[in-house]
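Data block below; observations after.
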């Protein structure tokens, strides 16, 4: 019997499976054999379904493995899958009978190595920087001495104790702790929620709103600090209306929250030092400033006193000024009273002569009336009665015009007298003195109008507009021309000038 005939005789003896039975057997075989596996690969074809499940493929240079992550597990992954991200997924292998394919059910997912983390970190940093979240113009100044400080960190670590201890040493302030997880699943959401929660507090509420926030964590590896590189934390720090100090890790550790915060501290202890000044140094500086202010005030007062005393020495005695003004007022009052008395007397004298003038005018009118009456009688005799009556009417009219004309004449005479009085006052030599001139008198009281009338050593008095001063004539110098040279004396011209001068008369 040949081999082919043997195989043909055995085929009817193989068990027969339905499609569902065979799929179930394959599913159970794979799940039993590959119940727990870790697979490393690059994410490709990532898709988040509306149901919340994640569908993706893991690939390397030679193969592709489909994977699925159920909704409940996806919420606990701790990172956001993206195409091109190299990850290590842990889970189990199973089949999907509806499409005759096997797939990996992902239970955990982590980045594959530090290089992948750094690449993801750089990509995220460029993205957030392009949005302007790291711009220096967005950073807010820190308060000099905050009343309340909000701290976002783990309540059980050494970080909060270091911060409280440093604040107590420098300047004790009220601290409100918002406890969060600082690494692991859900840490980024808790940190972002704490920052947003502090910003939602209202001023004057039961829990006071902090004036400053500190987000702190101790040192660790890149994976340990990854929560502070998450986009949700960086955006919450950038959007904080309260000034924020980031103090994550040690001096060499850098996270994305450091770029979005208003100030980065190398350590949590340094964050406490940045938050408040040293109370002792502040007191010493305040005392020094107070002493400097007192010294400056005393120096200013002394300078003002010296200036005031100097100015006082340059001022004339106010009592003497008042005495001179009072004397001048008495002089002008006396002159005014004398002038007013004389003016009134002249007006009364003029008014007294008016009745005599009126009586003379009445006598003249009466004589004229008598003459007119005689003429009328003669004319009546000559049968000129009409003419006489016309003359009588003309006489009455003239008499009416004469009375107001007389009054106007007297008013014009009075106005002319007033005008002459004002001109006389304006031509007084005292008006000339008021314009800055002075009157020189010799010892006899006569006015001195020329330098030739003086001699060296001669005592004179100089009258100004506000008083008289004594003086002694010194050496007499010839008058200089406008160009500064001595004027030549020309006998032929001096006589003409003397004639002009004699015609011009004295200024006074």
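For segment 171-189, what are the residues that are assigned to a helix (DSSP H, G or I) and crowded, with 18+ Cβ neighbours inside 10 Å?
187, 188
If residue 214 meets every condition in (1) at pLDDT 95 or above; (2) closer than 30 Å to residue 65 by Cβ apart from one, which number is that one?
If we test residue 214 against (1) at pLDDT 95 or above; (2) closer than 30 Å to residue 65 by Cβ, just (2) comes out false.
Is it the case that segment 190-211 has a residue that's crowded, with 22+ Cβ neighbours inside 10 Å, free of Cβ contacts under 8 Å to residues at least 40 places away in the same chain and part of a loop (DSSP other than H, G, I, E, B)?
Looking through segment 190-211, none of the residues is crowded, with 22+ Cβ neighbours inside 10 Å, free of Cβ contacts under 8 Å to residues at least 40 places away in the same chain and part of a loop (DSSP other than H, G, I, E, B).
Could you grab me the full set of residues in segment 202-219 that are farther than 18 Å from residue 261 by Cβ and touching a strand residue (DSSP E or B) at 6+ places or on another chain (Cβ under 9 Å)?
Within segment 202-219, 207, 208, 209 qualify.
When you look at residue 241, is it exposed (fewer than 12 other Cβ atoms within 10 Å of the Cβ) and in contact with a helix residue (DSSP H, G or I) (Cβ under 9 Å, 6 or more places away or on another chain), yes or no?
It is true that residue 241 is exposed (fewer than 12 other Cβ atoms within 10 Å of the Cβ) and in contact with a helix residue (DSSP H, G or I) (Cβ under 9 Å, 6 or more places away or on another chain).
Hey, can you tell me all the residues within segment 268-309 that are touching a residue at least 24 places away in the same chain (Cβ under 8 Å), under 30 Å from residue 192 (Cβ atoms) and either assigned to a helix (DSSP H, G or I) or more than 32 Å from the chain's Cα centre (by Cα) (or both)?
Selection gives 268, 269, 271, 272, 273, 274, 275.
Tell me the residue from 160, 149 that is in contact with a strand residue (DSSP E or B) (Cβ under 9 Å, 6 or more places away or on another chain) and not in a strand (DSSP E or B), please.
160
Would you check if there is a residue in segment 315-327 being more than 33 Å from the chain's Cα centre (by Cα), touching a residue at least 24 places away in the same chain (Cβ under 8 Å) and surrounded by 10 or more Cβ atoms within 10 Å (Cβ to Cβ)?
Within segment 315-327 (the criterion being more than 33 Å from the chain's Cα centre (by Cα), touching a residue at least 24 places away in the same chain (Cβ under 8 Å) and surrounded by 10 or more Cβ atoms within 10 Å (Cβ to Cβ)), the answer is yes, since at least one residue qualifies.
Does residue 170 satisfy being within 20 Å of residue 271 (Cα to Cα), within 42 Å of the chain's Cα centre (by Cα) and modelled with pLDDT of 90 or more?
The answer is yes for residue 170.
Within segment 217-267, how many residues are modelled with pLDDT of 90 or more, part of a loop (DSSP other than H, G, I, E, B) and farther than 21 Å from residue 123 by Cβ?
8
The values are calculated or read from the model by the stated rules, or taken from the named source; none is laboratory data. Model, not experiment: these values are computed from the prediction. Quick reminder, even Gly has a Cβ in these numbers, built from the backbone with ideal geometry, and neighbours come from all protein chains shown.
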